[in-house]
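Heads up: the structure comes next, in structure tokens.
The values are calculated or read from the model by the stated rules, or taken from the named source; none is laboratory data. Model, not experiment: these values are computed from the prediction. Cβ sites come from the backbone with ideal geometry, for glycine too, and all protein chains shown count toward neighbours.
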Amino acid sequence: MISNRRYWFLLFLTFLVYSAGMFVTLFENDSAQFAVMAMRMVQENDFLSLFKGTEEYLDKPHMHYWLAALSFKIFGIHDWAYRIPGILATLLGAYSCFGLGKLLYNKDVGKLASLIFLTAQTIVLSAIDVRTDAVLTGFTILAIWQLAAYIKTQRLKNVLFGAFAAGIAFSTKGQIALVVIGLPLICHLAYSRNFNVLFNWKVLAALIIFAITIAPMLFAYYHQFDLHPEKIIRGRGNRSGIFFIFWEQSFERMSGEGIGKNSSDYFFFFHTFLWVFLPWTVLGVLAYFTKIKVFVNEKFRKSLDKELLTVGGITLIFTIISFAQFKLPHYLNIVIPLFAVLTASFIYRLGNNGSIKQLKIFLGIQYFILAVVFVASTLICFYVFPFNGPLVYLAVLAAGAIIIYYCLIREAYYFRIITVAVCSSLLLNAVLNLHFYPNLLKYQAGSTMANTIAENDIPVDGIYKVSERYTWALDFYNKRPVRILSLEELKDKQDVWVYANEEELKQLHESGFDWDRQFTEKQFRITRLQAKFLDPAKRKKVLNKMHLVHIY
């Protein structure tokens, strides 16, 4: 393993990258949407009901929103306050990777697993573009670690902590949490032939803890939906929130019913994995297939120095989620902790038993990934959004000097493989958090318009919209959801502001409305980047506009 001094220095740099991302403007849709939902809980003092705009929200449980609301209560309604629970859950996930790696292998594997987890691209992104998956991932891996520790030691505290973590995870995203926790543990029990640990009074105590943990979420669902069968949710009445979270939710996601279908590609997560686990992708894939090969050759015979928890859990989870009709890249976050432990064990074994030729090949691969990251970072900084100011150049030179030092230093190949991989992640995400995202978000009209509103002292309670189109970023940064008015209702208003797109502005004009002041901001769906937008010469062709007009 690399020295403690190097290890903690790399963790410190990783923490700086995460910290830089805390203060980036919230992304539409999900981050800004969830922040608004939590903000409404605080402002309306209603922590039992969830609303998505004007609609009752059934899709996900309450825990993520409760944690964000708690952070708002403590720190105030700020974008960085919204991110705090997700970042803390990510750090918890990193510590749990350390614990699981140490439990299944040794302390060095655990330390490396924690570092791999924190520098995997999708995990860094999940701490910036915070969704429910950050909390889900942190608590699922905590549950797996603690319950695996119980299987080994049969200590009461492990099974109780595991049950509590499973309860928080279930209260964050529903049944998928139990699937992600259960499948690796079933593989672990099957391989260790240790099912007798389930027949113990401690397991009953754990089930009680789990039930107590999920009780607040179930009560909130009961209060909002079960007590009101007259509510029409997604075109249906008589909806039970409790029945939904225990039964309907997973089937809706698998079939696409209710939330819609966006992909029938059964290999979606396989090619998505190629970027979400960068810069560890190649090592992760090799670790997986090497482990599978060993188990197949040995016909899955039990061995004290092997574990099926990681590779078995990854295989089963990948298989199940690949059949879902609704897929998004961040759904893979739940398997990253397992991949981190598996990859760490592979690298550790490579360092102890690998040949010089193998180590040189893997170092060459990491140099290639670093080179690709360097080219991408250069294009971002000097072409997509050119740098402004000497301080930025100094920061880039300092980062470049650190990376060059670690690339040229004469030390064992094993140490350089780890260090170069981490440097790739740090370089890319430092550029993204400090330069790319701040410039990209200038094209998110909701947040830029909120700045314009503040600068011009426009009263936020006098702003309306004339459609049901969501305005999450504007809602959050105004600290007030924009209210909807029909064109007929608007005729009875004077001295009001209307937030509208090009088509809605045309409708206002055709309906006889006139305005004396107008502010315009550029708009682009920033989470769906395309080549034309990244090319400064073609960017104007894909931009839309949002307007704020004063109806007098």
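Remarks
- For the stretch 393-458, the helices (runs of 4 or more DSSP H) that sit wholly inside it and include 3 or more residues that are over 27 Å from Leu13 (Cβ atoms) and more than 27 Å from the chain's Cα centre (by Cα) are 445-455.
- Residue satisfying condition, being charged (D, E, K, R) and either outside the structural domain of Lys541 (by TED's automatic domain parsing) or closer than 23 Å to Asp79 by Cα (or both), within set Arg483, Arg517: Arg483
- Selection of the stretch 484-519 for residues being without any contact (Cβ under 8 Å) to a residue 40 or more places away in the chain, closer than 10 Å to His547 by Cβ and surrounded by 15 or more Cβ atoms within 10 Å (Cβ to Cβ) yields Glu504, Trp515.
- Here is the figure for the stretch 17-30: residues that are part of a helix (DSSP H, G or I), of a type outside the set (D, E, K, R) and in contact (Cβ under 8 Å) with a residue 12 or more places away in the chain total 5.
- Some residue of the stretch 226-242 being in contact with a Phe, Trp or Tyr (Cβ under 7 Å, 6 or more places away or on another chain), part of a helix (DSSP H, G or I) and surrounded by 18 or more Cβ atoms within 10 Å (Cβ to Cβ): yes
- Condition check for Ile123: at pLDDT 95 or above, buried (at least 24 other Cβ atoms within 10 Å of the Cβ) and in contact with a Cys (Cβ under 8 Å, 6 or more places away or on another chain): no
- Among (1) closer than 18 Å to Glu28 by Cα; (2) polar (S, T, N, Q); (3) exposed (fewer than 14 other Cβ atoms within 10 Å of the Cβ) - the single one Asn478 does not satisfy: (3)
- Scan of the stretch 184-217 for residues that are modelled with pLDDT under 95, among the aromatic types (Phe, Trp, Tyr) and surrounded by 14 or more Cβ atoms within 10 Å (Cβ to Cβ), ordered by number: Tyr191
- Lys157 being modelled with pLDDT under 95 and not hydroxyl-bearing (Ser, Thr, Tyr): no
- When we screen Thr419, Thr452 for residues that are polar (S, T, N, Q) and more than 20 Å from Phe23 (Cα to Cα), the only hit is Thr419.
- Restricting attention to the stretch 17-26, the residues being hydrophobic (A, V, I, L, M, F, W, C) and either buried (at least 23 other Cβ atoms within 10 Å of the Cβ) or out of contact with any helix residue (DSSP H, G or I) (no Cβ under 8 Å at 6 or more places or on another chain) (or both) number 2.
- Scanning the stretch 143-158 for residues that are over 23 Å from the mean Cα position of the chain (by Cα) and under 25 Å from Asp305 (Cβ atoms) turns up Leu147, Ala148, Ala149, Tyr150, Ile151, Lys152, Thr153, Gln154, Arg155, Asn158.
- Listed conditions (1) assigned to a loop (DSSP other than H, G, I, E, B); (2) within 13 Å of Arg131 (Cβ to Cβ); (3) not hydrophobic (A, V, I, L, M, F, W, C) are all met by Gln33, apart from (1).
- Hey, Met63 crowded, with 22+ Cβ neighbours inside 10 Å, without any contact (Cβ under 8 Å) to a residue 40 or more places away in the chain and closer than 27 Å to Tyr437 by Cβ or not: no
- Flag for Ile551 being modelled with pLDDT of 90 or more, surrounded by 17 or more Cβ atoms within 10 Å (Cβ to Cβ) and in contact with a Lys or Arg (Cβ under 9 Å, 6 or more places away or on another chain): yes
- Filter result for Phe300 (assigned by TED's automatic domain parsing to the domain that holds Leu185 and at positive phi): yes
- Matching residues, the stretch 364-392, being within 29 Å of the chain's Cα centre (by Cα) and within 19 Å of Arg416 (Cα to Cα): Ile365, Gln366, Tyr367, Phe368, Ile369, Leu370, Ala371, Val372, Val373, Phe374
- Candidates Glu489, Glu503, filtered to the one that is at pLDDT below 90 and over 25 Å from Phe382 (Cβ atoms): Glu489
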